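One structure below.
Computed from the coordinates by the stated procedures, all read-outs in this text should not be read as laboratory data. None of these values were measured; they are calculated from a predicted model. Neighbour counts run over all protein chains shown; Cβ positions are idealised from the backbone, glycine included.
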Amino acid sequence: MTDKAQIAGTPSTLVRGIGLDTRKEAVFRMAFRMNRKANYRFLEADDRQAPDVAIADLDSPDGLAEADKFRKENPEIPLLATTVVPNNFPQFVTLTKPIRMETLFPALEQLLQPSPTTRESPVQQPSEPVGQVLNSAAATPEKISTSVQQPAPVLEREKPSFDPNQIDYFDPEQGLLALVQRAIRDQISVGIVDRRNGRLLWRIIPEQEKVDASVSMEEAQAIFREGEENLILRDGASFTDNDSVHSLTLTEYLWQIHAIAADGRLSKKIPLNRPVKLRRWPNLTRLYPLPEALRLAAFLARSPASPALTIRMLQVHSQALFNFLAAADALQLLEYSPVSGMTSEPAIPSSTLAEAQRPSPAKRGFLGRLLSKIAGL
Amino acid sequence: MREDNKIVFTGPVGAGKTSAISAISDVPIISTDARASDMTINRKGHTTVAMDYGILHLGDKSKVHLYGTPGQERFDFMWDILTTGGLGLILMLDNTRPNPQKDMHFFLHAFKDYIADVPVVLGISKTDLNSRPDTADYAKMLAEVGQDLHMLNPVPPIFEVDGRNKEDVKNLVMALLFSIDPGLGMLP
């Protein structure tokens, strides 16, 4: 761990990306933001701080060369290599794509544990790659393939823990989000300003169906965590055009800002134990990538399911689900009975139906391999 | 060849089917492009007159066949050959064409038997040239167009895509796979 950077007083673990394209970097950043406990921070390309750990994409055009170079120049810094073909890279500690939060974080934690002896051991034989285990109907314990002489340490798969009594909630109908929604509804141009320094963060121009953003998703997340009360609305007409901004559509903005504001918490509007259905899929190729969004959209479009059941059936982290639900709800893509006025939990037979429609184990294995292949392209 | 290991890309001329297959195929696609004539000449200099074919190798001797249908309606007799079995249908629609709803209607009905058994995913191309209709509009169109269809996934993914963009095409295919089984990749 390092004390070079801190978020909310806790030392951050700095992560350097190697050979990652911007989209993959964005997904890692989001995953790190969601895992508050670990407090990882993804370094920007121009940030020259020494990382605590590096993540490489060996399947990208320059990924292997860059990973080799990094390791040569920084032999003391652990490196986690991601790939769809781990057997091709016995010299690296690998994590098989598709990367999931429940495999990524145990792998990083294991890498960060001081074990110089094992890390410097010569290669003997590649260990069983995670992806094969993940995609095998028979296998259960999950391993990270490592370049160690001793048997590879087994990473117990961290099934997302979910305690309904430990859920944090947020209210999208209060505070800044409510004001933003109202401004958009009433076609009023507004600016959102950080009151501490007067910096304009977003300029919302409903009549042009766009938002000029001066901050990245990651900056916005940090600002929200420091306290929504630091943000105030100003009349949009008082601001002039600024070239140093990027434009978002209103849809893109609402998706982002609600996922940021949710920050792993469940919207107070959405009932934990009542069915939620996705009316239509979000346009996921043009929205900020949220972890598990494809899987969650497929599941909730197929049949209504309560958030609690969704977590259990899909084994997704509750934070990923809650962020997705907040963002989708902001785009009015969800159907559910509001929390207020509801009393008891109804039966949810539809998901049982979904379970019954699952492909055979053999076909699931095949489809899982295809998914890994596509994700790693 | 296992006939069920097949993904079919369809849609009108110029929607980006050939590009999409090229973006993810492990091998250079076998394409039967030729100089376009008659009905397609105004939209595209070259077009697929028979079909495109690409492959995804999965590393264990199994593979997935990627087929692109010709965009011209007069070749629809070939589509039955392509759609015997399969994993799903990717329908690519060109947002600059005069009547995308008519295109959607035509292709979904042309494949109506197929999409009763396998999921469909819609990719809307050229939205940079013509932003309307948007994906929400397509969802509304689908409600009308699909009234008499028995789609396996009546709420399909509808994404803006550029067939030349690998990430877009990957998202289409992954959405198709999750539409078959949202639990893919989970531990048993």
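Which residues in segment A:253-288 place their backbone N less than 12 Å from a point set 7 Å from the Cα of A:E173 along the Cα-to-Cβ direction? Only A:268-271 pass the distance filter. Here the label points at B:F106 and B:N165, each 7 Å from Cα along the C-beta direction, are separated by 2.6 nm in the simple model. Per-residue mean of foreign Cβ neighbours for A:288-299 is 5 (Cβ atoms of other chains, 10 Å radius).
Taking 7 Å steps out from each Cα toward its Cβ at B:N99 and A:N230 produces label points 5.6 nm apart. Where a ≥ b ≥ c are the square roots of the eigenvalues of the C-alpha gyration tensor, would you call segment A:262-340 rounded, which needs a/c under 1.5, or, failing that, prolate if a/b is larger than b/c, or oblate? Note, shape of segment A:262-340 comes out rounded.
Each Cα pair of segment B:85-175 feeds into the Kirkwood radius, which the Stokes-Einstein equation turns, at 37 °C and 0.692 mPa s, into a diffusion coefficient of 249 µm²/s.
Using Cβ counts within 10 Å as a stand-in for footprinting exposure, how do A:I270, A:I223 rank, fewest first?
Details: A:I270 22, A:I223 19.
Exposure proxy ranking, most exposed first: A:I223, A:I270.
Taking max minus min of the alpha-carbon positions on each principal axis, segment A:166-336 gives extents of 49, 31, 25 Å, largest first. Here is the link list: B:K61/B:K112; B:K63/B:K170; B:K126/B:K166; A:K277/B:K140; B:K126/B:K170. Which ones come out longer than 20 Å on Cα distance? Pairs exceeding the cut-off: B:K61/B:K112.
What is the calculated FRET efficiency for A:Q113 to A:R312, with r their C-beta to C-beta distance and R₀ = 35 Å, to the nearest 0.05? Efficiency, rounded to the nearest 0.05: 0.70. Determine, from the Cβ-Cβ distance of A:A45 and A:D194 and an R0 of 25 Å, the FRET efficiency 1/(1 + (r/R0)^6), rounded to the nearest 0.05. Calculated value: 0.50. Spin-label point model (7 Å from Cα, Cβ direction): what's the A:Q91 to A:F239 distance in nm? Inter-label distance under the simple model: 4.9 nm.
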